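Remarks on the structure that follows.
The values are calculated or read from the model by the stated rules, or taken from the named source; none is laboratory data. If you're wondering where the values come from, they're calculated on a predicted model, not measured in any experiment. Neighbour counts run over all protein chains shown; Cβ positions are idealised from the backbone, glycine included.
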Amino acid sequence: MALTGAQTPGHLPKSSSTTKTNMKTTIAFSLVAISLVWMPHVHSASFDCAKAKTKVDKLVCGDPKLSGLDDKLTALYNKVLAQSPVPEDTKQQQREWVKDPRNLCKNADCLERAYTNRISDLQEQLEKLPFKPVLDKPLIVLPSSPAEDRDAAAKIGPAIVKKEPLELIGRVSEDHDVAGANFAINSGKRYYVIRYAWDLTDAQKEVLNKIEDPNQYVLLKAQLVTYKDGSKAIDPDSEVQIFAQLQ
């Protein structure tokens, strides 16, 4: 094709096929632009929002404040987990929080409270890590249970087949079971009653209440008994020593 005076190599007349291709490209870009305008806002979170299925996950992904709290919580949780003396316990706490209250929330306000409270707990835990108990002096020493209580338990309970030393890092909690009020130690999937309330003095209860904290670990030394039925418990016939971290 010959060039006319008004034409230059950079401005050749466009063929009909080229024009159609450009029109298709323009339309395609326009459709993408329109879809981006109308696409719901998805904000960053610690999990893949593209795979969000539950209402709670979608609320977190669609709210920039909640997404930020989710990122902050995840970062804190990973720091605590890396320093935890009982990683399984830290994981269990997180699983319990996800189940309740997080996954029970119905709106953004509830989620914000749940995240804020959990972040506060993790920050408190991090301040107390790494866990270094004072080993030269127990915080409290609990003597063996009264003889009459041990005798009564021996008559109605299964036979003891083994006794062994127990050293366990965990969290003290005030609890209640079918036998009554008690103080127990939680360590991941391990849970043992330390003493029942009726075997403790008011002064001993006061000390145990001070260390009853889901964000604080203690070291417990005692005797562990294994019964004929396979169950295990802290031996009521031996003393219990509890060591705490220097404040």
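When the stretch 96-143 is filtered for residues that are farther than 15 Å from Val56 by Cβ and charged (D, E, K, R), the ones remaining, listed by number, are Glu96, Asp121, Glu124, Glu127, Lys128, Lys132, Asp136, Lys137.
Somewhere in the stretch 154-170, is a residue within 25 Å of the chain's Cα centre (by Cα), closer than 15 Å to Gln241 by Cα and in contact (Cβ under 8 Å) with a residue 60 or more places away in the chain?
Going residue by residue through the stretch 154-170, those that are within 25 Å of the chain's Cα centre (by Cα) are 167-170.
Still in the running and closer than 15 Å to Gln241 by Cα: 167-170.
Those left that are additionally in contact (Cβ under 8 Å) with a residue 60 or more places away in the chain: 169-170.
Yes, because at least one residue in the stretch 154-170 is within 25 Å of the chain's Cα centre (by Cα), closer than 15 Å to Gln241 by Cα and in contact (Cβ under 8 Å) with a residue 60 or more places away in the chain.
Scanning the stretch 180-195 for residues that are more than 19 Å from Tyr227 (Cα to Cα) and of a type in the set (Phe, Trp, Tyr) yields a single hit, Phe183. Total residues in the stretch 82-103 satisfying the condition of being within 16 Å of Gln125 (Cβ to Cβ) and either surrounded by 16 or more Cβ atoms within 10 Å (Cβ to Cβ) or touching a His at 6+ places or on another chain (Cβ under 7 Å) (or both): the figure is 8.
Here is a list: Val218, Val225. Which entry is within 28 Å of Ile119 (Cα to Cα), in the same structural domain as Ala179 (by TED's automatic domain parsing) and at pLDDT 95 or above? That would be Val218, the only listed residue that is within 28 Å of Ile119 (Cα to Cα), in the same structural domain as Ala179 (by TED's automatic domain parsing) and at pLDDT 95 or above.
Okay, residues lined up against (1) touching a strand residue (DSSP E or B) at 6+ places or on another chain (Cβ under 6 Å); (2) assigned by TED's automatic domain parsing to the domain that holds Thr54; (3) farther than 17 Å from Gly188 by Cα:
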| residue | (1), (2), (3) |
| --- | --- |
| Gln83 | no, yes, no |
| Asp89 | yes, yes, no |
| Arg95 | no, yes, no |
| Lys99 | no, yes, no |
| Arg102 | no, yes, yes |
| Asn107 | no, yes, yes |
| Cys110 | no, yes, yes |
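Close contacts from the stretch 98-110, counting a first residue that is closer than 17 Å to Tyr77 by Cβ and a second that is surrounded by 15 or more Cβ atoms within 10 Å (Cβ to Cβ), with Cβ to Cβ under 6 Å and a gap of 6+ residues or different chains, come to Pro101/Ala114; Arg102/Ala114; Asn103/Val56.
Every residue in the stretch 160-203 that is outside any strand (DSSP E or B) and touching an Asp or Glu at 6+ places or on another chain (Cβ under 9 Å), please. Walk me through it before giving the result.
Of all residues in the stretch 160-203, those outside any strand (DSSP E or B) come to 178-179, 188-189, 197-203.
Residues satisfying the conditions are Gly188, Lys189, Ala197, Trp198, Asp199.
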